[in-house]
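Heads up, the thing below is written out as structure tokens.
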Amino acid sequence: MKRKKILKLFSIALVLSLLVLAVPAAPALGVNDVTISPISGKINDAVFVTGNNFTAFLPDGTYEYWANVYFSKDNAVKNTAFATNVHTYNWVDYVPIYDNGSGVGVFDSAFSIPTSLTEGSVDAAVTPGTYYVYVTVTKVTIATSAEVPQPNIYGKSPAFTITASATLDPLSPATGGAGTDIIVSGANFPASTALVFRFDTTTLIPKSGHTATTSGGLFLSTITVPPTATAGAHTITVTAGTGSVTATFTVTASATLNPLSIASGPAGIQIPISGTNFPAGTIAITFDSTPLTVTGSTQTSGGSFASFVTIPASATAAVHTITVTVGAASVQTNFTVTASTTAVLNPLDPASGPAGTQVALGGANFPTGLITVTLDGAQLILAGSLQTTGGSFLSLITIPAGTASGEHTISVTVGTVTISDTFTVTGAPTPTSTPTPTPTTAVNVGQSAFDVGSPISIGGTGFAAGSTVTIKYGGVTRATAPVDSNGTFQVIFEIPEIQPGAHQFTISDGLNTTAANFVVETTAPAVPSILAPEPGFKINIPVTFDWDNVTDDSLPVTYDFQIATDEDFTAGSIILEKNGLTESEFMLTEAEGLELASDNASYFWRVKSVDGALNESAWTAVSDFSSGGPSTFPRWALILIIVFGAIFVFGLGYWIGRRTAYYY
């Protein structure tokens, strides 16, 4: 029994001895602690460093100790020589170690993550990855300020992770007038975070696209330059959370109208109008508050346009305001409607001659419209001007063969205005027996090719008087016209949608048949410009593919669209094709998106324009994207899982309650 007591006392003494030894050892386990906050970030982010338990380096009255703080990508071991084991670094701070009041040496430091490591034996750019903070100590003699660096690493932080910095893609476009729409996109932003867009200091609401980043830190949005923006460089700022990235957008000069080349004239006159520095978009023109029909340019090109408008026939003599609006840009100019002036014909040239003579006709102060010319009431074929321009025209007619000698009345009619003059036919009288004329036709003189939808004038002579001619193309009737008592007709109609190149109309009055040749223009329309999605973008279905509108003189313009698994668009790789799209965009529905079976696989798309004459542009450059795929998890399955989960949790709780009640 005595031995047991002795053994017990010995055991207690041993435990107490170990505890005594452990008490001073505890602080030693934490010597030279270095902590950092945060433990990850991007270049230029702030990092805060705290040192603790640097007990060996407290001031003793003779010396003081300073902490050298380094940032490095090398993974060195604590208590080894710094210069030997750390080769690429930046010296980021030099701070004193001080007593925290409890006999413990501590220090605080802060620095910004640099873009490169420029000290040591190797220079390197700072890139995403793992980095460390190291601390060495310099001993300073207080009396002389002499410094004695200590060679070892006395402190090492946990690993610090540098993540990729948020970046903006190049703005599209990077320049433009006030009111321009800009596509802004970026990557490496905080995930699922609200976005704030600013133009200088003005906050902008996106016109379309993302208002928050995706789960991958991406975004694609469209913002609009304020209409009040002045010409010059401006800052576009995108902020997500605490991070902001900027880009520069240059506002070009304000939209201006060129001086009107016809600044005054009668009601009904057609005038040219043009301007520069407008935003891209559709041109709208009003006369006071009355919208006008725009011919010529209907869209700006490079900020400029050149169009024609017709002053309303009901306009009163006064100064009126013409307003041109494109997007948010609106500019005005004045036009003076003058008092009506009587329409006049220029002297006939010549005023007399034998039957078959070609006569030049001209006039001024006519209303805008198609010109009709008759000889003694019988319509003549008109060459040259078919319509008045600015109230004026210059045309040619031919006095029909067989016209009797003497004076004849030539009348010119435009709209409700008719002016007449006299032409004298000279030479022998018309034979009493006139041979049956051979039907002849003529198409607009001086025009070599036609746009689809443009007017074409066809006239003819030698047809059966009082009959009706029928003009056909491809077996389809395109126009009809009455034949007057002299066997003459004239008709104006629009070129139908047909292939480019040479074509022929068939003209018949039921007894006589002839043909008229014409050519449809062969100029291809412009290649569209791809707008969205950006190349390489990961889409979620449904998604809209967008490209620029294309304008062309042969309307309408349609678009062919393709998606393929091969960037060469080989026949077997095309998984979706749409032809004859009337809008400059295409929405890929979930049903159509099932063709994109592989999530995260790469796909390729392109588009081309086709005008009304079936001229085709080249395909756009190929753009790629990847698919997140449509959501295919059924809603009913999700509800079923939730219901069964609730039943399971309830049953488990009930069973546990019963078991607890049983034991108690």
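Does Pro400 qualify as being touching a Leu at 6+ places or on another chain (Cβ under 8 Å) and over 26 Å from Ile271 (Cβ atoms)?
Yes; evaluated as a whole, the condition is true for this residue.
Can you find a residue that is assigned by TED's automatic domain parsing to the domain that holds Ala378, in contact with a Leu (Cβ under 7 Å, 6 or more places away or on another chain), surrounded by fewer than 20 Cβ atoms within 10 Å (Cβ to Cβ) and under 22 Å from Leu396 (Cα atoms) anywhere in the range 495-514? No, because not a single residue in the range 495-514 is assigned by TED's automatic domain parsing to the domain that holds Ala378, in contact with a Leu (Cβ under 7 Å, 6 or more places away or on another chain), surrounded by fewer than 20 Cβ atoms within 10 Å (Cβ to Cβ) and under 22 Å from Leu396 (Cα atoms).
Can you say whether Thr203 is crowded, with 18+ Cβ neighbours inside 10 Å and not in a loop (DSSP other than H, G, I, E, B), as far as the supplied structure shows? Working first, answer last.
Numbers: crowded, with 18+ Cβ neighbours inside 10 Å: no; not in a loop (DSSP other than H, G, I, E, B): yes.
Judged against the criteria, Thr203 is not a match.
Just one of (1) hydrophobic (A, V, I, L, M, F, W, C); (2) surrounded by 14 or more Cβ atoms within 10 Å (Cβ to Cβ); (3) assigned to a strand (DSSP E or B) fails for Ala233. It is (2).
In a residue-by-residue description of the range 310-318, the property of being more than 30 Å from Ala255 (Cα to Cα) and part of a strand (DSSP E or B) applies to no position. Taken across the range 160-168, residues that are surrounded by fewer than 15 Cβ atoms within 10 Å (Cβ to Cβ) and within 22 Å of Thr248 (Cα to Cα) do occur, with at least one present.
So, Ala247, is that one of a type in the set (Gly, Ala, Ser), modelled with pLDDT of 90 or more and over 20 Å from the mean Cα position of the chain (by Cα) or not? Explain how you work it out, then say what you get.
On the way: of a type in the set (Gly, Ala, Ser): yes; modelled with pLDDT of 90 or more: yes; over 20 Å from the mean Cα position of the chain (by Cα): no.
Here the answer is no, as Ala247 does not meet what is asked.
When we screen Val77, Val122 for residues that are without any contact (Cβ under 8 Å) to a residue 40 or more places away in the chain, surrounded by fewer than 18 Cβ atoms within 10 Å (Cβ to Cβ) and hydrophobic (A, V, I, L, M, F, W, C), the only hit is Val122.
Determine whether the range 306-319 contains at least one residue that is without any contact (Cβ under 8 Å) to a residue 24 or more places away in the chain and either under 30 Å from Ala174 (Cα atoms) or not assigned by TED's automatic domain parsing to the domain that holds Asn277 (or both). No: the range 306-319 contains no residue that is without any contact (Cβ under 8 Å) to a residue 24 or more places away in the chain and either under 30 Å from Ala174 (Cα atoms) or not assigned by TED's automatic domain parsing to the domain that holds Asn277 (or both).
From the list Thr286, Thr325, which residue is within 22 Å of the chain's Cα centre (by Cα), surrounded by fewer than 19 Cβ atoms within 10 Å (Cβ to Cβ) and assigned to a strand (DSSP E or B)?
So the residue among Thr286, Thr325 that is within 22 Å of the chain's Cα centre (by Cα), surrounded by fewer than 19 Cβ atoms within 10 Å (Cβ to Cβ) and assigned to a strand (DSSP E or B) is Thr325.
Ile182 meets each of the listed conditions (1) assigned by TED's automatic domain parsing to the domain that holds Phe199; (2) over 36 Å from the mean Cα position of the chain (by Cα) apart from (2).
Within the range 540-563, the set of residues being part of a strand (DSSP E or B), in contact with an Asp or Glu (Cβ under 9 Å, 6 or more places away or on another chain) and either on the phi > 0 side of the Ramachandran plot or not hydroxyl-bearing (Ser, Thr, Tyr) (or both) comprises Phe545, Asp546, Trp547, Asp560, Phe561, Gln562, Ile563. Every condition in (1) touching a residue at least 40 places away in the same chain (Cβ under 8 Å); (2) assigned to a helix (DSSP H, G or I) is met by Thr84 except one, and the failing one is (1). If you go through the range 564-587 and keep only what is in a strand (DSSP E or B) and within 18 Å of the chain's Cα centre (by Cα), you end up with Glu585, Phe586, Met587.
Take the residues of the range 603-645 that are in a strand (DSSP E or B) and among the aliphatic types (A, V, I, L, M): which is modelled with the highest pLDDT? Residue satisfying both the conditions and the ranking: Val607. Counting the residues of the range 453-495 that are out of contact with any Pro (no Cβ under 9 Å at 6 or more places or on another chain), under 13 Å from Gln379 (Cα atoms), part of a loop (DSSP other than H, G, I, E, B) and without any contact (Cβ under 8 Å) to a residue 60 or more places away in the chain gives 2. Residue check: Ala280 meets all listed conditions (1) without any contact (Cβ under 8 Å) to a residue 60 or more places away in the chain; (2) of a type in the set (A, V, I, L, M, F, W, C); (3) not in a strand (DSSP E or B) but one, namely (1). Of the residues in the range 423-444, at least one is exposed (fewer than 15 other Cβ atoms within 10 Å of the Cβ) and modelled with pLDDT of 90 or more.
The values are calculated or read from the model by the stated rules, or taken from the named source; none is laboratory data. Just so you know, these numbers come straight off a predicted model, no measurement behind them. Cβ coordinates were reconstructed from backbone atoms using ideal geometry, including for glycine residues, and neighbour counts include every protein chain displayed.
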